[in-house]
Amino acid sequence: MKRAISMLGVALALGAWADAASAQTFKTVTDRGSLICGVSQGLPGFSLPDDKGNWTGLDVDFCRAIAAAIFNDPGKVKFSPLSAKDRFEALRSREIDVLARNTTWTSSRDTSLGLNFAAVNYYDGQGFMVRKALKVNSALELNGASVCTQTGTTTELNLADYFRANNMKYEVIAFATADETVKAYEGGRCDAFTTDVSQLYSEKLKLANSNDHVILPEVISKEPLGPAVRHGDDQWFDVVKWVHYAMLNAEELGVSQKTIDEALKSSLPEIKRLVGTEGNYGEQLGLTKDWVVRIVKHVGNYGESFDRNVGTGSKLGISRGLNRLWTKGGIQYAPPIR
Amino acid sequence: MRRQSAEAGASRPHRVAFYNNPTVRGAAYQLALLVALLWFGYEFALNAKANLEAQRITSGFGFLGNTAGFGVNQSLIPYSETDTYGRVFLVGLLNTLLVSGLGIALATILGFLIGIARLSPNWLLARLAGGYVELIRNLPLLFQILFWYLAVLGTLPNPRQAVSLFGGVFLTNRGIILPAPVAGEGSIYVFAALMLAIIATCALARWARRRLERTGRQFPTFRAGAALIIGLPLMALIATSFPIGIERPELRGFNFVGGMRLVPEFVALLVALVTYTAAFIAEVVRAGILAVPRGQTEAAQALGFRRGKTLRLIVVPQALRVIVPPLTNQYLNLTKNSSLAVAIGYPDLFAVFAGTALNQTGQAIEIIVITMAVYLSISLLTSLAMNWYNARVRLSER
């Protein structure tokens, strides 16, 4: 029902108000006094409310970082949980300002859905989880299997490609939400559950006997996950993009929640530009000079957020892998602030 | 001049200005409304197109020819990942029609049985039927669908420990697996014989009815028809030395291979829709039967009709007049409710086309318009058929 309403919203928004397309999201957000951020319906490590209703996760931190940069208050975010199917409609119909919902960046989504991907905050790939009892060691042994997945995802397409490329038969059962999908897998409707590897790790935690399940070694696709904004709003696009780069630059320069006060006294030109003691790079974005200080103080740099939510400091314990900084063998790389 | 106008006035004494003519006025207002509506629609479409272009959102119906690239777990027509979105639309539509069509047929049968049972003089039967109706119609349908899917079918064992019934039927959490008939060479004659038997039975029934009306003599239509429908194909089977075999399912790898499989999503949806709608149909049937005056039954008994005949020839034909219009509503409800399939992953039109395809292409307006048009067409066609039937069973008044 909610989807139907949001679709009607899209239709009306697109049909009725001609000049709304290039609206200023940045102004809307500052006028409103809070950011509305589209997140998942509960994915440990990325976006999940705890028992007190506080949202945590890598994507949540990203939204909090934007709020910190704009309002100097990471609490000024309203989180809007969305299913995979509803997420783009919600963004296009202006229900949310930014979509940080472990969303894969693909060419068709970038070009034909009316949205722009601002950055990649997690490099992921698609994998499979099966029961240990099946004694399957490789995804190539899944011929004839029933596979549960979530509808409206790239996963659904990769799955079809993979089985077709390897001449294997399969049966796909696609559900509207992640919870329904996992429930069906847990109930034995499917032999395998497929989604992004990071998500497999976090869903595995939610299973009753998580040790009875195993994640297969194959990674069958590229899944660069990142935040997206509406197409045609360049100022807002820049803000969102540079919040991510600021967090990466902070990590690269060793500026963290612990060292931020020292960094403010630093005489290194790169750090001075980062924390705003030199230049007015934040103001060029429409923010304040100390925008990075706000982000790092309230949320931390990229590495801190990663460790806390999905990395070794979290229950998921996923290794940084591709998401290491480029200086440490990964591919997370930010253009310089200058 | 004055005289002329007086003459004109006299020759057309009641002539009013054309714009005061009620017919003309009415037509003009309707025309104006129509123009305004068309203009609104045109502006809406134009505006939507301009905005979609401004936001770089693809529009148009070209996507129907693009490759879909995702799998669907139940299809009545051959479908693979390399087929187009147009094909996906057909697959979804057929799945919707399958579950709705079967649902309507089964819900009607079950509903009539329960409705009649509720009026039965048998105390226990009537109470059971009443309890059924009150329980089922007062619980939300979505809840019932999830109940059948998760609590009933979901708790069946996996294929390797399948429950076996009658040797060939297996109940598993992957679905109900049945032996499938395999049509061999010559089986066409058997089907032809079956068709012939059905046509012959229809003709026989028509003839028997005419004769009854003309002469009052009865003919055992049911027994003759049954003999035809069973006998003719059986003779064809023997004549062609049994070309129809049975393929038994067997466990291989993860799942059963061979045989026929009803996926649990389909079974759960069908059972929930049938039981839910049957509760409403039962009430419709009960109301219809109670609407026939008791004097009709008494008159029939006075004429010496037996109970079954009274029901079949006197009560039900009159009750149908009351039953058919609300029954149509229930049929429409069932069809529309089938879109709840999305909750359990049954690939109906709404789930596959207005769900997955919409999400992969992002073309909300086109897909929603197509989907709305399809549901509207199905509903209107159902109404049309039922109205035609209603006109036939209407009391012919002289």
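Checking the structure you have, find out if any residue of the range B:45-58 is under 30 Å from residue B:355 (Cβ atoms), within 14 Å of another protein chain (Cβ to nearest Cβ) and either touching a Lys or Arg at 6+ places or on another chain (Cβ under 6 Å) or among the aromatic types (Phe, Trp, Tyr) (or both).
no
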request  = Determine whether the range B:269-276 contains at least one residue that is in contact with a helix residue (DSSP H, G or I) (Cβ under 8 Å, 6 or more places away or on another chain) and within 14 Å of chain A (Cβ to nearest Cβ).
outcome  = yes
query = Right, residue B:349: of a type in the set (A, V, I, L, M), surrounded by 17 or more Cβ atoms within 10 Å (Cβ to Cβ), under 26 Å from residue B:49 (Cα atoms) and in the same structural domain as residue B:278 (by TED's automatic domain parsing) or not?
reply = yes
query = under 22 Å from residue B:103 (Cβ atoms), in a helix (DSSP H, G or I), modelled with pLDDT under 90 and not hydrophobic (A, V, I, L, M, F, W, C) - does that describe any residue in the range B:332-348?
reply = no
task = Please work out if residue B:277 is surrounded by fewer than 21 Cβ atoms within 10 Å (Cβ to Cβ) and out of contact with any strand residue (DSSP E or B) (no Cβ under 9 Å at 6 or more places or on another chain).
result = no
request  = Kindly indicate whether any position in the range B:319-337 is within 14 Å of chain A (Cβ to nearest Cβ) and either crowded, with 19+ Cβ neighbours inside 10 Å or out of contact with any Lys or Arg (no Cβ under 7 Å at 6 or more places or on another chain) (or both).
outcome  = yes
request  = Can you run down the residue pairs with Cβ atoms below 6 Å, 6 or more apart or on separate chains, where the first is in the range A:264-277 and within 10 Å of residue A:254 (Cβ to Cβ) and the partner is surrounded by 15 or more Cβ atoms within 10 Å (Cβ to Cβ)?
outcome  = A:271/A:253; A:271/A:263
query = Of the conditions (1) in a loop (DSSP other than H, G, I, E, B); (2) surrounded by 14 or more Cβ atoms within 10 Å (Cβ to Cβ); (3) aliphatic (A, V, I, L, M), residue B:117 fails just one. Which one is it?
reply = (1)
Residue list for the range A:272-322, filter: among the small types (Gly, Ala, Ser), surrounded by fewer than 19 Cβ atoms within 10 Å (Cβ to Cβ) and not in a helix (DSSP H, G or I) = A:279, A:286, A:313, A:317, A:319
request  = Could you check residue B:164 against (1) crowded, with 18+ Cβ neighbours inside 10 Å; (2) at pLDDT below 95 and say which number it fails?
outcome  = (1)
request  = Kindly list, by first and then second residue, each pair from a residue in the range B:297-322 that is among the basic types (Lys, Arg) to a residue that is assigned to a helix (DSSP H, G or I), limited to pairs with Cβ atoms under 7 Å and residues at least 6 apart or on different chains.
outcome  = B:321/B:393
request  = Scan the strands (runs of 3 or more DSSP E) fully inside the range A:143-243 and keep the ones with 1 or more residues being surrounded by fewer than 20 Cβ atoms within 10 Å (Cβ to Cβ) and touching a residue at least 12 places away in the same chain (Cβ under 8 Å).
outcome  = A:213-215, A:223-225
ask   = Residue check: is residue B:256 not assigned by TED's automatic domain parsing to the domain that holds residue B:106 and not in a helix (DSSP H, G or I)?
value = yes
key: Residue under evaluation residue B:38, criteria (1) more than 10 Å from chain A (Cβ to nearest Cβ); (2) touching a helix residue (DSSP H, G or I) at 6+ places or on another chain (Cβ under 7 Å); (3) not acidic (Asp, Glu), criterion not met   = (2)
request  = Scan the range A:196-213 for residues that are out of contact with any Gly (no Cβ under 8 Å at 6 or more places or on another chain) and either within 30 Å of residue B:341 (Cα to Cα) or within 14 Å of another protein chain (Cβ to nearest Cβ) (or both) and report the count.
outcome  = 11
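Would you point out which residue out of B:120, B:100 is away from chain A (no Cβ under 14 Å), at pLDDT 85 or above and under 30 Å from residue B:363 (Cα atoms)?
Of the residues listed, the single one that is away from chain A (no Cβ under 14 Å), at pLDDT 85 or above and under 30 Å from residue B:363 (Cα atoms) is B:100.
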ask   = Just one of B:139, B:110 is touching a helix residue (DSSP H, G or I) at 6+ places or on another chain (Cβ under 9 Å), not in a helix (DSSP H, G or I) and not polar (S, T, N, Q); which is it?
value = B:139
key: Residue within the range B:309-330 that is part of a helix (DSSP H, G or I) and over 26 Å from residue B:126 (Cα atoms) present   = no
key: Which listed residue is crowded, with 18+ Cβ neighbours inside 10 Å, free of Cβ contacts under 8 Å to residues at least 60 places away in the same chain, under 25 Å from the mean Cα position of the chain (by Cα) and closer than 25 Å to residue A:88 by Cα, from B:356, B:371   = B:371
task = Please work out which one of (1) part of a loop (DSSP other than H, G, I, E, B); (2) closer than 22 Å to residue B:275 by Cα; (3) within 14 Å of another protein chain (Cβ to nearest Cβ) is the condition residue B:95 fails and give its number.
result = (1)
remark   = Note on residue B:355: of the conditions (1) in a helix (DSSP H, G or I); (2) out of contact with any Lys or Arg (no Cβ under 9 Å at 6 or more places or on another chain), unmet is (2)
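The values are calculated or read from the model by the stated rules, or taken from the named source; none is laboratory data. Computed from a predicted structure; not experimentally measured. Note that each Cβ is placed from the backbone with ideal geometry, even for glycine, and that neighbours are counted across all protein chains shown.
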